[in-house]
1. For the peptides 454-464, 301-311, 49-59, what is the packing order when you average, over each peptide's residues, the other Cβ atoms within 10 Å and list the highest mean first?
2. State the percentage of accessible surface on the stretch 211-269 attributable to carbon and sulfur atoms; use a 1.4 Å probe and exclude ligands, DNA and RNA.
3. Given the whole protein assembly as supplied and a 1.4 Å probe, what does the accessible area of MET275 come to in Å², nearest 10?
4. Roughly how many percent of the accessible protein surface of the stretch 323-467 is carbon and sulfur, given a 1.4 Å probe and a whole-percent answer?
5. For labels at TYR468 and ASN482 in the simple 7 Å Cα→Cβ model, what's the distance in nm?
6. May I ask for the distance between the Cα centers of the stretch 229-254 and the stretch 183-212, given as a whole number of Å?
7. Quick one: if you stick a label point 7 Å off each Cα along the C-beta vector at GLN363 and LEU45, how many nm between them?
8. Which lysines have a Cα less than 18 Å from the Cα of LYS249, not counting those fewer than 8 places away in the same chain?
Amino acid sequence: MNNLLVFPVLLPLVTAVILFFFKEKIKLQRILSLISSLLSVITALVLTGRIHSEGILTLNLGGWQAPYGIVFVGDMFSALLVLAASVVGLAVLIYSFGSIGGERERYHYYSFFLFLLVGVNGSFLTGDIFNLFVFFEVMLMSSYALLSLGGTKLQLRETVKYLLINIVSSTLFVAAVAYLYASVGTLNMAHLSMRVAELGQDGVLNVIAILFLIVFGLKAGLFLFFWLPGSYSAPPSAVRALFGALLTKVGVYSIIRIFTLIFYHDPDTTRPWLMFMAAATMILGGLGAVAYKDIPRILNYNVIVSVGFVTFGLVAATGDAINGAVFYLLHDMVAKGLLFILGGLIISASGTDRLKDMGGLIQRYPLLGWMFFILALALVGIPPLSGFPGKLLLIRGGLEEGMIGLSLIGVGSSLLVLYSLIKIFRIGFWGDPQEKQIQKSGALPRAGMAGAAGLLLIVILAGICSEYVYSFVSQAGEVLANPELYIEAVMKE
């Protein structure tokens, strides 16, 4: 029985519904949310272990066999992403306890938090492209609520912009799914792969492929990221951590899944688009991170750089590049969650998000400062931290494919990321302390420091034990490079 596949969706869903009945019982909401998140992490660990030993798992809901029914598919790629999302969700939840505030907690913050995880995990596990749209919408509706919760003028303005952009992208998503179904007569991803191979990917199917690229590019912040820096700056730091670590990654996952499983037959049509979008995203994201002088926007542009970097692996499409993209995507989910938590703690410690008003934090918060410094090294790819193996594989894969220009852009964008983060470390921690900060001096929330310490430990261990992690990553990369493995697992009967 593979019923375990539905638990990463079912656990947060049931908990989120239950929490609606305990609006005023904040402590109970925290306890139930924490138990649900811990169980989700345990479930994801067990699921990853089973897939590692048994191979791809499938679950046909309602007993309807593929391609006629709804199917959940757990390959190593989706399992690792579910595990990373669950771990980040747990850390951000713990950080929320000391930072989100009682007013938001009373207005169903934890329910919306868990509903967002339902959408994220469901997107990773579904084997049906229409249900991918459904889980996307669950995730997006939860993000609308989290973005606007608090009702400040900035939040409401950015929510309207965010809402309009996602309405457009979701409309295009539905249109793309409808045209795809009209062209091939199925929505099951494995069956879609077979039908596209039979019909040949040309003409209208290439147009549909580009339409999907635009849709997921909007959702991932791949080149079409104009909405992201402002929208991700509006909510509280805990919500920013959840968004920065998870939301764009679902779009990136969808691009990788669609273009390695369904639309891989005519790379000469889609590859130039992906190459341009990856290069432009890395360049513009890096320049944005360097240009701004407030912490939220610097961190938001760092999210954009990583989206382009992972897409670079899909463009190169060698074995090393695909494995590197998977490894770096996992690293980036954990590291970005940690980056936004630490950014929120820095803002809490200094009382401002503007670098010019910061300074001297290393004297009062040395642990926070050195945690941020270690993370900056990990994000730029310094060994033996978790960012190094993925970047090494990506650059090596790009050079093997002769993509010297794109590889150099990847290295250059990493240097811009390093500069932007060291700027925060240099000014915020080593600059002259400001009088307002001295007056504000106090202990940082223990919950936030605990969540950050847990994620930092993962960043360090994933780098030191990279050979062990690679045994899982390479299994994920094998399925992405050989779509027939996914097809055989889903269509076995």
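1. Working: 454-464: 19.2, 301-311: 27.0, 49-59: 16.4.
The densest-packed peptide leads the list: 301-311, 454-464, 49-59.
2. On the way: 670 of 1060 Å².
Here carbon and sulfur together make up 63 percent of the probe-accessible area.
3. Result for MET275: roughly 70 Å² accessible.
4. On the way: 3790 of 5770 Å².
Answer for the stretch 323-467 is 66 percent, counting heavy atoms of protein chains only.
5. 2.6
6. 30
7. For the pair GLN363/LEU45, the computed spacing is 4.3 nm.
8. Leaving aside lysines fewer than 8 places away in the same chain, those within reach of LYS249 are LYS219, LYS336, LYS391.
The values are calculated or read from the model by the stated rules, or taken from the named source; none is laboratory data. These numbers were taken from a predicted model, which means no experiment stands behind them. So basically every Cβ, Gly included, is an ideal-geometry build from the backbone, and we count neighbours across all protein chains shown. Each accessible area value is taken on the protein alone, full model and side chains, heavy atoms only, with ligands, DNA and RNA left out. Shrake-Rupley method; radii C 1.70, N 1.55, O 1.52, S 1.80 Å.
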